[in-house]
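Enquirer: I am attaching a structure below and will ask some questions about it afterwards.
Every read-out reported here was derived from the displayed coordinates using simple, explicitly stated rules and does not represent laboratory data. Bear in mind that the values here come from a model prediction, so they are computed numbers and not experimental data. Virtual Cβ from ideal backbone geometry, glycine too; neighbours counted across all protein chains shown.
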Amino acid sequence: MFHYFKVMYKISYACKYFHYLLTSGHSKGYGVHSPFVYDFITRVLNGPDIADYKHIEKLMEELSNDFSELYILDMGAGSSSGSGKIRTPASIVKLTSIPPKYGRLLARLVGWLLPSTIIELGTGAAISTMYMAITDEKCRIFSIEGCPETGRLAQQNIAKLNLRNIEIITGSFNEILPSILQKIHHDLLVFIDGDHRGDRLISYVESILPCTNENTVIVLDDIRWSRSMEKAWKNIIWRKEISLSIDLFRMGILLPKRNMFKQHYVIKY
């Protein structure tokens, strides 16, 4: 039965991606009237890589072959491929880490925005964390991870790359996020990838919005992971606080409180 649902999920996801390919555009920036979005397309989506990622991607490869057992406390919605209490670094990388294509996208986004602070909800093996950290060592990253054992794995990975601008905080997003937001009064990038329940996603965004300014950018991963995530994405982009939203199929990007008319772009990536 599980195999049946797994196959049906893959078919449904493929159909959604095919629809996205048919309806998306602007991959080179043609016809885009927003200067911000045009700059985003040319410098972030299609721009050159601005750091050396080979150490991160080599570490990903090593972790993918590490089958030592870890006891996992899953405080999010788990994975579409199933969730168990015993996992390996290999399975954590497979189920929670973003692929290099999107890791490099995050890195270019950080290099373009140059935020003073990044908040990440969902550290996992710290792959996305390291992509963002390696781009700008002046930027401080607070990464919240719900599982202590996964947090320790993330710390080990960060130490291997000798990255010093990352702070891993273990605990509940709902408890830790407000305390971090209270301390931040400057440009902020938020990356949410740790809880795949649509209602929780809406709740996190609602917590963040009062603390944003015109330079804040919020990135949501896995917006089509489930029906509830897709529904949450559609709910969020039509909130009055969101001035600009960009749909990249896997990722969604939000710009709140911009002095502009409300705009939504579906861009092929």
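Enquirer: Mind ranking 8-18, 244-254 by how tightly packed they are, going by the mean number of other C-beta atoms within 10 angstrom, highest first?
Expert: Ranked from most to least packed, the peptides come out as 244-254, 8-18.
Enquirer: Arrange the following residues from fewest to most other Cβ atoms within 10 Å of their Cβ: THR23, THR150, THR216, THR129.
Expert: Working: THR23 10, THR150 27, THR216 22, THR129 30.
The fewest-first ordering by Cβ neighbours comes to THR23, THR216, THR150, THR129.
Enquirer: Would you mind finding the longest exposed-site-free stretch of the chain, with exposed GluC sites (Glu not before Pro) meaning DSSP loop and at most 16 other Cβ atoms within 10 Å? Present the calculation step by step, with values, prior to reporting the outcome.
Expert: Values: sites that count: GLU69, GLU137, GLU214, GLU241.
Segment 138-213 is the longest.
Enquirer: Moving to a separate point now. According to a simple spin-label model (label point 7 Å from Cα along Cα-to-Cβ), what is the distance in nm between PHE67 and ARG239?
Expert: 4.4 nm
Enquirer: If you add up the charges near ALA51, with Lys and Arg at +1 and Asp and Glu at -1, over every other residue whose beta carbon is less than 13 angstrom from its beta carbon, what do you get?
Expert: Surrounding charge for ALA51 is -2.
Enquirer: Next up: Straight-line reach from LYS16: which aspartates and glutamates fall under 16 Å, measuring Cα to Cα and dropping same-chain residues less than 8 apart?
Expert: ASP221, ASP222, GLU230, ASP247
Enquirer: Among all lysine pairs in the stretch 118-269 that are eight or more places apart or on different chains, how many have alpha carbons less than 27 angstrom apart?
Expert: 16
Enquirer: When every alpha-carbon pair in the stretch 145-269 is counted, what percent end up more than 18 Å apart?
Expert: Values: 4439 of 7750 pairs.
So the portion of pairs separated by more than 18 Å is 57 percent.
Enquirer: State which helices in the chain qualify, where a helix is a whole DSSP H run, it must extend 27 Å or more along its own axis by its Cα atoms, and its mean Kyte-Doolittle hydropathy must be at least -0.5. Don't skip to the end; give the middle numbers.
Expert: On the way: long enough: 2-23 (32 Å, 0.22).
Helices passing the filter in the chain: 2-23.
Enquirer: Note down the relative contact order for the chain as a percent, whole number, built from C-alpha pairs under 8 angstrom at least six residues apart.
Expert: Reported as a whole number, the value is 16 percent.
Enquirer: While we're looking at this one, here's another question. If you average the sequence gap of Cα pairs under 8 Å that are 6 or more apart and divide by the length of the stretch 150-264, what percent do you get for the contact order?
Expert: For the stretch 150-264, the relative contact order is 22 percent.
Enquirer: Moving on. Among DSSP beta bridges lying fully in the chain, give the percent that are antiparallel, nearest 5.
Expert: Numbers: 10 of 34 bridges.
The antiparallel fraction comes to roughly 30 percent.
Enquirer: Using all alpha carbons of the stretch 160-222, what is the percent of pairwise distances in each 10 Å bin, ordered from the shortest bin to the longest?
Expert: For the stretch 160-222, the binned pair fractions read 17, 52, 28, 4 percent.
Enquirer: Moving to a separate point now. Match the structure shown to one of the listed values (i) 1, 5, 13, 17, 20, 18, 14, 8, 3, 1, 0; (ii) 1, 5, 10, 14, 16, 14, 11, 8, 6, 5, 4, 3, 2, 1, 1, 0, 0, 0; (iii) 1, 5, 9, 11, 12, 12, 12, 11, 9, 7, 5, 3, 2, 1, 0 of P(r) over Cα pairs in 5 Å bins from 0, in percent, computed from it, and give that label.
Expert: Matching the structure shown: (i).
Enquirer: Could you state the per residue volume, in Å³, of the convex hull enclosing the Cα atoms of the stretch 118-169?
Expert: In the stretch 118-169, the Cα hull volume divided by residue count equals 56 Å³.
Enquirer: Which FRET efficiency value, to the nearest 0.05, do you get for ALA159 and GLU206 by plugging their Cβ-Cβ distance into 1/(1 + (r/R0)^6) with R0 = 30 Å?
Expert: Here the calculated transfer efficiency is 0.30.
Enquirer: If you average the C-alpha positions of the stretch 11-44 and of the stretch 191-220 separately, how far apart do those two centres end up, in angstrom?
Expert: If we compute the Cα centre of each part, the gap is 22 Å.
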